[in-house]
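Trainee: My structure is below; once you've seen it, I'll send some questions.
Nothing in this text is a laboratory measurement; each read-out follows from the coordinates by a stated rule. The structure presented is a predicted model; accordingly, all values stated were derived computationally and were not measured. All Cβ positions, even for glycine, are placed from backbone atoms using ideal geometry, and neighbour counts span all protein chains on display.
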Amino acid sequence: MLDNLLPKLTLFATSLWHTLCQMSPYLLLGFLVAGILSVLVSQRWVERHLGGETTWSVIKAALLGVPLPLCSCGVIPVAASLRAHGAGRGATVSFLISTPQTGVDSFFVTWGLLGPLFAIFRPLTALVSGILGGILVMWLGASGKQNPDNLAPQYPTKKQFHWLRRMLLYGFYTLPRSIGWPLIFGILVAGGLSVFFAEQEWSGLGQGFSGMLLMLTVSIPLYVCSTGSVPIAAALIAQGVSPGAAFVFLTAGPATNTATIATVWKVLGKRVAVLYLVTIAATALAFGFLLDYLFAWQNKTMPSFAPVACCPVLLEQMAGGLLLSVLAIALCLGPRRAVLGEADEGEDEMTLHIAGMRCDHCAQSVERALREIASVTLAQVDLPQATAIVRGRQLDILEMRQKIEALGYQLID
């Protein structure tokens, strides 16, 4: 038995390293572009452009959401914040649907592992589904009244880092820290599919409409980030799954998971949650069928759609080593937190226990929401401990609970 297992483990390790090296140049480039976008396009800037229940606000929300590298859990507090700061319900749903499906990092990785057609289809599908879902919510969703007190929030005046430092910090620390474990999970699953499962086990299941429905059923409750889903999709195609069925997984997997669905249901209502799911499922299936048709038109081969190596093998391996270093630093070193001194005279201090935060985007959204409370002078979230230290004068626990639960999290008593 050991004689049979050892070659497979060796092949598994080789497959992991090959996949990592193949995607590393594209992913590092995506991290850099994401860092640039984090400086050029802030959440406050997005909020100022998404007000009102208009078709144009829905289109702008989808256009803004497509390049942003936010996962399906990280996008929830951002979308809830957009809603609280004046974004229309349709624009909020448009942003919520389009953002987690793709981003600049996953676009480059998709191009490297699956080719240009897949890479172009992903943002196109995200854009169409975001606009369609936002318009459906405008027409059919229950009406919601905006909170006039939140339409012009007062942001804390805080000295910002130098733009270059902020760009590099987000691109090569915050973002890798947020997607690092889902990305590693995706590479491990891809290696397992390629080595431990025979091709014939998948070729019959992953074809036609039944294969797309199977991928849709599996991907909707699953948590997988838009970048981590790419190596899994590549392995599925290599094992005989049709490109269209794999694309359904690429679309629905990052866009939804059980926690996101529950939060949308709670924050935006049952009708909006149903429209949200129907839009994602319908567009994933429609573009999956179109993709299969295009590949069939190419006689079921990929001569013009196949990925092309961007650099020599040696440079790919160097990029793989660099990516491993970036992930190791981001995942093993916790964020530097300011050392809190004693509270000022007359200030109260509370430690809040918060459930549901999964990534740094979640923690940043909670910090920002707490700092917007007039009585709060300091708020610092510790993601690993799932706590927040809050200081201020005459702190109102009910107001803090409302702020936290509006983002989709739970304050534990």
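Trainee: With 10 angstrom as the radius, rank 361, 18, 353 by how many other C-beta atoms surround their C-beta, starting from the fewest.
Mentor: Working: 361 23, 18 16, 353 12.
Final ranking by Cβ density, sparse to dense: 353, 18, 361.
Trainee: Less than 18 Å from a label point 7 Å out along the Cα-to-Cβ axis of residue 282: which backbone N atoms in the range 55-72 qualify, by residue?
Mentor: 55, 58-59, 62
Trainee: If one computes the Cα centroid of the range 220-252 and of the range 366-392, what distance in Å separates the two points?
Mentor: Measuring centre to centre over Cα atoms gives 37 Å.
Trainee: Hey, can you rank 234-242, 285-293 by average C-beta count inside 10 Å, highest first? All intermediate terms of the calculation are to be shown ahead of the outcome.
Mentor: Numbers: 234-242: 22.1, 285-293: 19.3.
So the order, starting with the most tightly packed, is 234-242, 285-293.
Trainee: Going by amide H atoms built from the backbone, whose H comes under 5 Å of the H on residue 377, apart from near neighbours?
Mentor: 391, 392, 393
Trainee: Got a sec? Which residues in the range 351-375 would a label at residue 265 touch, if it sits 7 Å along Cα→Cβ and we count backbone N under 18 Å?
Mentor: Once the point is set 7 Å along Cα→Cβ of residue 265, 356 turn out to lie under 18 Å by backbone N, inside the range 351-375.
Trainee: Can you list the residues, at least 5 places off or on another chain, whose amide H is less than 5 Å from the amide H of residue 382, using H built in the peptide plane?
Mentor: 387, 388, 389
Trainee: If packing is taken as the average number of other Cβ atoms within 10 Å across a peptide's residues, how do 120-132, 100-112 rank, most packed first? Provide the component values of the computation, followed by the final result.
Mentor: Working: 120-132: 22.5, 100-112: 27.5.
Highest-to-lowest ranking by the protection proxy: 100-112, 120-132.
Trainee: Suppose each label sits 7 Å from its Cα in the direction of the beta carbon; what would the residue 213-residue 349 distance come out to in nanometres?
Mentor: In this crude label model, residue 213 to residue 349 measures out at 5.9 nm.
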